[in-house]
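Report on one structure; see the data block that follows.
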Amino acid sequence: MTRPAASDASPQSRPRLKHPDGSPIRVLVVDDEPTLTDLLQMALRYEGWEVKTAADGRHALTLAREFRPDAIVLDMMLPDIDGMQVLSRVRQDGQQTAVLFLTAKDSLEDRINGLTAGGDDYVTKPFSLEELVARLRGLIRRSMLTASEEEDPRLVVGDLVLDEDSHEVSRDGDQIDLTATEFELLRYLMRNPRRVLSKTQILDRVWNYDFGGKSSVVEIYISYLRRKIDAGRKPMIHTVRGAGYMLKAAE
């Protein structure tokens, strides 16, 4: 097994991430390599988070229902059912938990499949603990309710409505289900209506870390939003060639 690289970063140098009520963040780690799960459990507990582990998909589903994690670190290759099936069943249970895939495969197809299935991010083995924790922190921040950010939790652009308290999105009264990352991307676009946002700006605001120049992830998620927001309707999300993307009310 190739172990993840050790991290020199200390969580003591930054505020601990907690729920608004002060309770710890809950993370479920799913991988069939005990050495890896033990290492991740130790690193995430060092962040002050509550961590449970599972070595197979069925146990992971049981824990997901009982533990109600804020995030799941999910290996794609498991001994019984694969990570894609685990994620599918978690979503069928109505949980919009942030999911970070672990994969030993470094092909674009595998990464896109993981995101298409409803995952929010991925890390390719071997990985650094520092990077994994940073990505988890970003995912959890985006998925947590942020009522304190705005006096009015509703963002409205034309017939598109986003409620930051309930994380509900609708267009012309029709409810739209989004993953945590899709929700954050749409929120960023709706907070900047009729403004062209570059891929770099979107990566910096939505992903909260250096994505290594892989701006294709922005294109992927813009396409996901278009299928859900614009499908069968007048488009609201527009590409400005060579500049970025803009959201505006349908004309």
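Give the relative contact order (percent, whole number) for the range 11-143; include only Cα pairs under 8 Å separated by 6+ residues.
Taking the mean separation of contacting Cα pairs over the length of the range 11-143, I get 21 percent.
By how many nm would the segment from residue 159 to residue 219 lengthen if fully extended, with 0.36 nm per residue of separation less the alpha-carbon distance? Don't jump to the answer; show the numbers that get you there.
Working: separation 60, 0.36 × 60 = 21.60 nm, distance 2.37 nm.
Separation in residues times 0.36 nm, less the Cα-Cα distance, equals 19.2 nm.
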In range of the label at residue 104: residues from the range 29-46 whose backbone nitrogen is under 18 Å from the point 7 Å along Cα→Cβ = 30-40
Taking amide H positions as placed in the peptide plane 1.01 Å from N, state which residues far from residue 121 in sequence (5 or more) or on other chains have amide H under 5 Å from it.
-> 99, 101
May I ask you to sort 196, 99 by Cβ crowding, counting other Cβ atoms within 10 Å and putting the fewest first?
-> 196, 99
How large is ³J(HN,Hα), in whole Hz, for each residue of the range 27-39 in order, when computed from phi with the Karplus curve 6.51 cos²θ - 1.76 cosθ + 1.60 and θ = phi - 60°, using x for Gly and Pro?
-> 10, 9, 10, 10, 6, 8, 9, x, 4, 5, 5, 5, 5
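Please compute the length gained on full extension between residue 134 and residue 238, using 0.36 nm multiplied by the number of residues separating them and subtracting their Cα-Cα distance.
On the way: separation 104, 0.36 × 104 = 37.44 nm, distance 3.05 nm.
The span from residue 134 to residue 238 would gain 34.4 nm if fully extended.
Just so you know, all these numbers are worked out from the coordinates, no wet-lab data involved. This is a predicted model, so every value here is computed, not measured. Counting neighbours? That spans all protein chains shown, and the Cβs are built from the backbone with ideal geometry, glycine included.
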